[in-house]
Every structure is written in C-alpha cells, then in structure tokens.
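What follows is a set of notes on a single structure, which appears directly below.
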Amino acid sequence: MDFNEYQAAAKRTLYGNEQVLTNCALGLASEAGQVVDIVKNYTFRGQKLSKEQLEHEMGDVLWYLSQVAQWADISFDDVAKTNIEILNKRYPHGYQN
C-alpha cells in the first residue's frame, strides 16, 4: 500500500466536518504522546517493549497525520517524498556525527 492509498482508506473513518483540522492535530499530539510513553516506560522504568502496542500507537499517529494532510488537500505520498528529498539534501552521505 502506498501513502496515497493509505490516506484514502483512512479518510473512510474520518468523522465530522467542523473543526476537523483541530481535532486531528490534537489527536496527533495525543497519540504521539502515547508512543513517547511506551518508549519512556521501556527506557526508564524497565518495562518490556511491546512491539504490538508500539505498532498500534504508531498506526494511530499515521492515521491522524494522514488526515491533517487530507484536510489541507496535501497528497500524503508527496509528504513522504518531500521529506526524503529534504533528508537527502541535509544528509547527502547519511547522518554522521
């Protein structure tokens, strides 16, 4: 599945037509926080890293991000391509310390 296919499939579950951008942005922040909590609990509290739980929360982040792009009429595929272009310019030989 490419990013545009994902974006279209995810839109099927988008609810509401008022304040959608705000709802999606707040949801994105909330879900990203849950990813952070999983990593924090693994790193600092010695909890086992649940890849299943991490994948679930990352999927929620992906959903919200795709719907922010959807609302703004931005191709999710273009978001990914542009990001890679920026990274290639910024780090032409990969990231090196």
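The values are calculated or read from the model by the stated rules, or taken from the named source; none is laboratory data. Keep in mind the model is a prediction, meaning the values are calculated, not measured. Here the Cβ is made from the backbone with ideal geometry for all residues, glycine too, and neighbour counts use every protein chain on show.
Quick one: Tyr15 ticks every box in (1) outside any helix (DSSP H, G or I); (2) under 19 Å from Asp77 (Cβ atoms) bar one, so which box is it? Looking at each condition in turn, Tyr15 falls short on (2). Any residue in the stretch 17-24 that is at pLDDT 95 or above and touching a helix residue (DSSP H, G or I) at 6+ places or on another chain (Cβ under 6 Å)? Among the residues of the stretch 17-24, at least one is at pLDDT 95 or above and touching a helix residue (DSSP H, G or I) at 6+ places or on another chain (Cβ under 6 Å), which makes the answer yes.
If you filter the stretch 56-97 down to residues that are part of a loop (DSSP other than H, G, I, E, B) and among the small types (Gly, Ala, Ser), you find that the one that is farthest from Gln7 (Cα to Cα) is Ala72. If Asp60 satisfies every condition in (1) surrounded by fewer than 12 Cβ atoms within 10 Å (Cβ to Cβ); (2) acidic (Asp, Glu); (3) under 14 Å from the mean Cα position of the chain (by Cα) but one, which is the exception? If we test Asp60 against (1) surrounded by fewer than 12 Cβ atoms within 10 Å (Cβ to Cβ); (2) acidic (Asp, Glu); (3) under 14 Å from the mean Cα position of the chain (by Cα), just (1) comes out false.
Only one of the listed residues (Lys40, Lys48) is assigned to a helix (DSSP H, G or I) and of a type in the set (Lys, Arg). That residue is Lys40.
Only residues that are of a type in the set (Lys, Arg) and surrounded by 12 or more Cβ atoms within 10 Å (Cβ to Cβ) were counted across the stretch 1-28, and they come to 1.
Cβ separations smaller than 6 Å between residues 6+ apart or across chains give the following pairs from the stretch 9-25 residues that are under 13 Å from Asp60 (Cβ atoms) to residues that are in a helix (DSSP H, G or I) and polar (S, T, N, Q): Ala10/Ser66; Cys24/Gln67.
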